[in-house]
Amino acid sequence: MSVRTLSINGHAVAMATGTTLLAAAREVGVPIPTLCHLEGLSPVAACRLCLVEIEGSGKLQPACLTPVAEGMVVHTDTPRLQDYRRTVIEMLFTEGNHVCAICVANGHCELQDRAVEVGMDHSRLPYRHPDRPVDLSHPLFGLDHNRCILCTRCVRVCDEVEGAHVWDVGWRGEHCRIIAGLNEPWGAVDACTDCGKCVQVCPTGALFDKADTTGEKHADPARLGALVRARARGQQTR
Amino acid sequence: MTTLSQAHASPTPSSPSPTSVMRVRCCSSAGCLAGGAAELRQGLTAAVARRELQERVAITGVGCLGPCSQGPLLAIDPDGTLFAGVTAADADGLIAALAHRLQAVSAAEWEAPLAWRPAAGEQVDTGRPFFTRQRRVVLENCGLIDPERIEAAIERGAYEQLRHTVTDRTPAEVVDTIRRSGLRGRGGAGYPTGLKWATVAKMPGERKVVVCNADEGDPGAFMDRSVLEGDPHRVLEGMAIAAYAVGADQGFIYIRAEYKLAIVNLRRAIEQARRRHLLGAGLFGSPFGFTVELRVGAGAYVCGEETALIHSIEGQRGTPRPRPPYPAEAGVWGRPTLINNVETLANVVPILREGAGWFAAIGTEGSKGTKVFCLTGKVRRGGLVEVPMGTSLATIVSEMGEGCPDGAGLKAVQTGGPSGGCVPASLLHTSVDYESLQALGTIMGSGGMVVMDHSTDMVAIAAFFMAFCRDESCGKCVPCRAGTVQLHGLLQKHLAGDATAADLAQLEALCPMVAETSLCGLGQSAPKPVLSTLRYFREEYVARLKPGPTAAAAGR
Ligand SMILES: Cc1cc2nc3c(=O)[nH]c(=O)nc-3n(C[C@H](O)[C@H](O)[C@H](O)COP(=O)(O)O)c2cc1C
Ligand code: SF4
Ligand code: SF4
Ligand code: SF4
Ligand code: FES
Ligand code: FES
């Protein structure tokens with residue numbers, strides 16, 4: 001195993017080839033906020049929260065995807081990055097309808113946590129109050145599009161881990177929606193095995209267990225990493 | 001290689017003979033078709049039949065003749081006289097005039113200018129700068145040959161360079177020639193073509209792919225469409241040569257569904273080339289083979305972005321993905337893939353035929369060859385022009401385009417469409433090359449050039465392009481999906497006169513954020529029209545502001 005040495009916010013780091021900047025930073029205790037990334041799922045680099053500055057590179061690079069390289073000098077927390085991250089979070093809050101006080105995920109929501117981390121006390125951008133539906137057709141679970149941040153974790157987990165490929169992204173731009181089957185009610189899609197993985201990995205209260213009420217959703221997305229690792233080792237898992 | 005006026009004049013027989021023939025070249029490209037060119041051509045064919053002149057007057061369809069804004073156009077050979085605004089009602093009169101000419105008994109009569117004029121149109125003076133300032137390399141056959149007949153292309157040398165390449169040149173030699181020519185990608189970014197070819201050629205892999213990007217999504221741009229409609233074999237030959245150079249055996253042309261005629265002409269051209277063994281397995285007795293398939297896209301702008309285009313070819317949702325890996329490494333089905341624009345590929349044949357040095361002698365230090373532009377907007381003579389790189393914007397707009405009509409005075413020239421910016425009238429002396437345009441905050445782009453006069457509202461222009469990006473965003477990444485909506489909202493607020501200094505400050509802060517954090521080129525360049533109009537026409541934003549909280553008070 002060959003090793004690359006680099007600097008992250010002034011910390012000298014030695015990391016195995018192929019390690020992402022995100023993993024490297026976490027290893028040395030440098031936090032980088034993420035949303036679309038989830039260990040165990042393919043990377044999409046879509047939320048742009050984890051962008052970092054690399055000296056000598058004109059462009060910001062997503063830490064969740066960029067591998068370490070020899071001699072890299074990385075800055076993860078410059079004023080510019082802080083401002084851009086806050087703006088990303090503001091964009092997410094304003095493009096949906098996030099009424100935390102009545103949300104199943106209140107207090108256990110990754111979007112909320114990120115907002116706190118980036119210091120978003122209010123949104124500088126205007127709220128857009130889109131008209132979005134709720135799908136309660138599944139017997140066990142619900143999908144509230146108002147809270148969906150289009151991270152596509154549900155799409156990826158259902159396709160890559162459960163193998164059912166129930167979810168897709170429909171339409172484009174501001175009209176993007178997560179769709180079940182061929183844009184059918186979730187409950188009408190036979191392919192769904194009711195495994196609940198999508199609910200577990202959803203960072204917000206968009207996907208939820210119908211048995212949960214306000215503040216009761218305690219998803220544990222990190223368990224997915226354990227599941228995927230166990231499978232890779234051939235250990236019996238569901 | 002030729003100027004358009006030269007191209008328009010085929011050799012004139014010095015004296016008439018009973019076997020002298022005349023030819024009417026009818027523009028059958030989309031621009032003129034929209035004006036009734038198909039009916040005109042039918043009328044001409046019928047009139048020729050009525051007079052039993054089939055042996056002496058040939059009616060052929062050709063690609064774009066250039067001054068599209070005046071269509072339908074036709075050119076009459078041997079002298080190459082060009083007429084604009086011709087309608088089906090003019091057909092009989094024209095054929096009568098040609099019949100008269102064919103009865104000429106003296107050289108003087110044969111060479112006398114045609115007395116005929118279209119009822120509502122005019123003869124176009126091919127001595128105007130619109131024609132004389134052009135230099136046709138990419139378009140050398142466009143408007144001259146019948147794109148429906150492979151024989152017409154072959155008469156003008158089509159597939160000669162492919163034969164030469166496959167039989168006498170090594171792939172490395174071809175790559176080196178393209179590199180030395182200095183050709184850069186015409187799809188917008190201007191990446192050195194030789195370098196791209198060399199990279200794909202070096203990639204390991206049994207099977208590689210060549211993709212021709214014919215998605216052409218910029219509003220108002222139709223350069224690639226004109227090439228594909230008017231000279232499809234030129235592009236097929238360029239692709240086959242590229243395939244030989246990089247070691248590919250499979251080709252795709254990704255073309256938008258709206259380009260119906262280009263699709264028909266390309267399908268026919270591929271079939272004709274295949275029948276003649278100019279495409280397919282074992283070309284010219286060598287082991288090299290190359291097949292081309294069309295992939296018709298549903299007309300999403302973002303599908304012109306190379307990784308989205310690859311996904312679309314593969315049958316997936318057309319959304320970009322982060323690079324690296326670049327297509328050269330992992331493209332269509334993970335295979336090393338060369339993606340080039342239509343116009344880039346159309347330059348390959350003349351470069352190989354005339355030599356790298358010849359091509360490199362055209363243009364400027366960093367930008368070689370010619371560029372095709374679609375001159376549109378507030379300009380007297382609009383249409384398709386091909387000029388050497390380094391030509392000034394003033395030459396193109398004021399001289400060739402003959403300036404703005406109605407004497408309103410030129411305000412700015414927009415290049416690069418939704419990814420570009422404006423050049424104000426005061427900088428019109430700027431040379432058209434990649435570096436100069438970039439220094440002004442715009443880009444060469446694929447070739448759209450929109451002329452704006454003093455009646456143009458620059459904030460509205462910025463809002464128009466932002467609305468375009470908002471509509472065309474694929475929605476994958478947050479800054480583009482939500483940022484273009486916020487930017488568009490801010491611009492509309494300015495237009496409505498409801499914006500305060502704080503809104504202007506927010507607009508200015510959001511632009512770099514969206515540009516620097518978006519995943520692909522669409523979001524990265526979406527703020528460009530705003531930044532460019534702010535740079536040169538800031539007063540138009542400021543003049544609209546209403547009193548309100550200042551930037552500092554709003555917390556920015
Ligand atoms: C949003 C977007 C749209 C694009 N559209 C086109 C297009 O319509 N045609 C094209 O040739 N290149 C387009 N490009 C550029 C391509 O990604 C790619 O760079 C180009 O096809 C490479 O060819 P070239 O090197 O010959 O220019 C687009 C890029 C972006 C980011
Ligand atoms: S419950 Fe399981 S199978 Fe059903 S959509 Fe969610 S991840 Fe897919
Ligand atoms: S439903 Fe949840 S997991 Fe799926 S895209 Fe929306 S926020 Fe992400
Ligand atoms: S920048 Fe826009 S078009 Fe490109 S990936 Fe992001 S959302 Fe899609
Ligand atoms: S976590 Fe890296 S882009 Fe979303
Ligand atoms: S389309 Fe007919 S002249 Fe251009």
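Okay, residues lined up against (1) more than 7 Å from every other protein chain (Cβ to nearest Cβ); (2) away from ligand 4 (no atom under 16 Å from the Cβ); (3) among the aromatic types (Phe, Trp, Tyr); (4) part of a helix (DSSP H, G or I):
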| residue | (1), (2), (3), (4) |
| --- | --- |
| B:Thr456 | yes, yes, no, no |
| B:Phe464 | yes, yes, yes, yes |
| B:Lys476 | no, no, no, no |
| B:Leu487 | yes, no, no, yes |
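Of the conditions (1) without any contact (Cβ under 8 Å) to a residue 40 or more places away in the chain; (2) more than 11 Å from ligand 2 (Cβ to nearest atom); (3) more than 17 Å from the chain's Cα centre (by Cα); (4) away from chain B (no Cβ under 14 Å), A:Thr193 fails just one. Which one is it?
(2)
Give me the residue from segment B:223-263 that is among the hydroxyl-bearing types (Ser, Thr, Tyr) and part of a helix (DSSP H, G or I) and, out of that set, most open to solvent (accessible area, probe 1.4 Å).
B:Tyr244
Looking at A:Val73 and the list (1) open to solvent by less than 60 Å² (accessible area, probe 1.4 Å); (2) closer than 25 Å to A:Arg147 by Cα, which single condition is not satisfied?
Every condition holds for A:Val73 apart from (2).
Given the residues A:Cys198, A:Cys192, which is the only one that is at pLDDT 95 or above, open to solvent by 20 Å² or more (accessible area, probe 1.4 Å) and either of a type outside the set (Asp, Glu) or not in a loop (DSSP other than H, G, I, E, B) (or both)?
Of the residues listed, the single one that is at pLDDT 95 or above, open to solvent by 20 Å² or more (accessible area, probe 1.4 Å) and either of a type outside the set (Asp, Glu) or not in a loop (DSSP other than H, G, I, E, B) (or both) is A:Cys192.
Regarding segment A:88-97, can at least one residue be identified that is out of contact with any strand residue (DSSP E or B) (no Cβ under 7 Å at 6 or more places or on another chain), more than 9 Å from chain B (Cβ to nearest Cβ), surrounded by 16 or more Cβ atoms within 10 Å (Cβ to Cβ) and more than 20 Å from B:Leu519 (Cα to Cα)?
Within segment A:88-97, one or more residues are out of contact with any strand residue (DSSP E or B) (no Cβ under 7 Å at 6 or more places or on another chain), more than 9 Å from chain B (Cβ to nearest Cβ), surrounded by 16 or more Cβ atoms within 10 Å (Cβ to Cβ) and more than 20 Å from B:Leu519 (Cα to Cα).
Being open to solvent by 50 Å² or more (accessible area, probe 1.4 Å), within 13 Å of another protein chain (Cβ to nearest Cβ) and away from ligand 1 (no atom under 16 Å from the Cβ) is the filter here; which residues of segment A:153-184 pass it?
If the condition is that a residue be open to solvent by 50 Å² or more (accessible area, probe 1.4 Å), within 13 Å of another protein chain (Cβ to nearest Cβ) and away from ligand 1 (no atom under 16 Å from the Cβ), then A:Asp159, A:His165, A:Asp168, A:Trp171, A:His175 are the ones that fit.
Just wondering, is there one or more residues in segment A:138-149 that are within 16 Å of ligand 5 (Cβ to nearest atom), buried (at least 17 other Cβ atoms within 10 Å of the Cβ) and without any contact (Cβ under 8 Å) to a residue 60 or more places away in the chain? Working first, answer last.
To start, the set of residues in segment A:138-149 that are within 16 Å of ligand 5 (Cβ to nearest atom) comprises A:148-149.
Next, from what is left, pick out any that are buried (at least 17 other Cβ atoms within 10 Å of the Cβ): A:148-149.
Next, only the ones that are without any contact (Cβ under 8 Å) to a residue 60 or more places away in the chain stay: A:148.
Yes, because at least one residue in segment A:138-149 is within 16 Å of ligand 5 (Cβ to nearest atom), buried (at least 17 other Cβ atoms within 10 Å of the Cβ) and without any contact (Cβ under 8 Å) to a residue 60 or more places away in the chain.
Is segment A:31-53 home to any residue that is modelled with pLDDT of 95 or more, more than 14 Å from chain B (Cβ to nearest Cβ) and more than 16 Å from the chain's Cα centre (by Cα)?
no
Is there a residue being within 16 Å of ligand 3 (Cβ to nearest atom) and not assigned by TED's automatic domain parsing to the domain that holds A:Gly225 anywhere in segment A:20-33? Full working, then the answer.
Of segment A:20-33, the ones within 16 Å of ligand 3 (Cβ to nearest atom) are A:33.
With not assigned by TED's automatic domain parsing to the domain that holds A:Gly225 added as a condition, the list becomes A:33.
Yes, that holds for at least one residue.
What number of residues within segment A:125-153 are in contact with a helix residue (DSSP H, G or I) (Cβ under 6 Å, 6 or more places away or on another chain) and part of a loop (DSSP other than H, G, I, E, B)?
So the answer is 8.
Just for segment B:311-346: of the residues that are open to solvent by less than 20 Å² (accessible area, probe 1.4 Å), more than 9 Å from ligand 1 (Cβ to nearest atom) and in a helix (DSSP H, G or I), which one is nearest to B:Ala248 (Cα to Cα)?
B:Val332
When you check A:Gly187 against the structure, is it open to solvent by less than 20 Å² (accessible area, probe 1.4 Å), more than 9 Å from ligand 3 (Cβ to nearest atom) and at pLDDT 95 or above, yes or no? Full working, then the answer.
Values: open to solvent by less than 20 Å² (accessible area, probe 1.4 Å): no; more than 9 Å from ligand 3 (Cβ to nearest atom): yes; at pLDDT 95 or above: yes.
No; evaluated as a whole, the condition is false for this residue.
From the set of residues in segment A:201-221 that are hydroxyl-bearing (Ser, Thr, Tyr) and either under 14 Å from the mean Cα position of the chain (by Cα) or loosely packed, with under 13 Cβ neighbours inside 10 Å (or both), which is nearest to ligand 3 (Cβ to nearest atom)?
Our first condition is that a residue be hydroxyl-bearing (Ser, Thr, Tyr); within segment A:201-221, this holds for A:204, A:213-214.
From what's left, either under 14 Å from the mean Cα position of the chain (by Cα) or loosely packed, with under 13 Cβ neighbours inside 10 Å (or both): A:204, A:213.
Values: A:Thr204: 5, A:Thr213: 18 Å.
Only one residue fits best here, namely A:Thr204.
Residues in segment A:106-124 that are assigned to a helix (DSSP H, G or I) and more than 28 Å from B:Ala509 (Cβ to Cβ): how many? Steps first, answer last, please.
Step one: filter segment A:106-124 for residues assigned to a helix (DSSP H, G or I), giving A:110-117.
If we keep only those that are more than 28 Å from B:Ala509 (Cβ to Cβ) as well, we get none.
Residues flagged as assigned to a helix (DSSP H, G or I) and more than 28 Å from B:Ala509 (Cβ to Cβ) within segment A:106-124 amount to 0.
Of all residues being open to solvent by 20 Å² or more (accessible area, probe 1.4 Å) and part of a loop (DSSP other than H, G, I, E, B) in segment B:489-525, which is farthest from ligand 5 (Cβ to nearest atom)? Just the residue, please.
B:Gly497
The values are calculated or read from the model by the stated rules, or taken from the named source; none is laboratory data. Being a predicted model, the structure only gives us computed values, none of them experimental. All Cβ positions, even for glycine, are placed from backbone atoms using ideal geometry, and neighbour counts span all protein chains on display. To get the accessible areas, we keep the full protein, side chains included, count just its heavy atoms, and leave off ligands, DNA and RNA. Shrake-Rupley method; radii C 1.70, N 1.55, O 1.52, S 1.80 Å.
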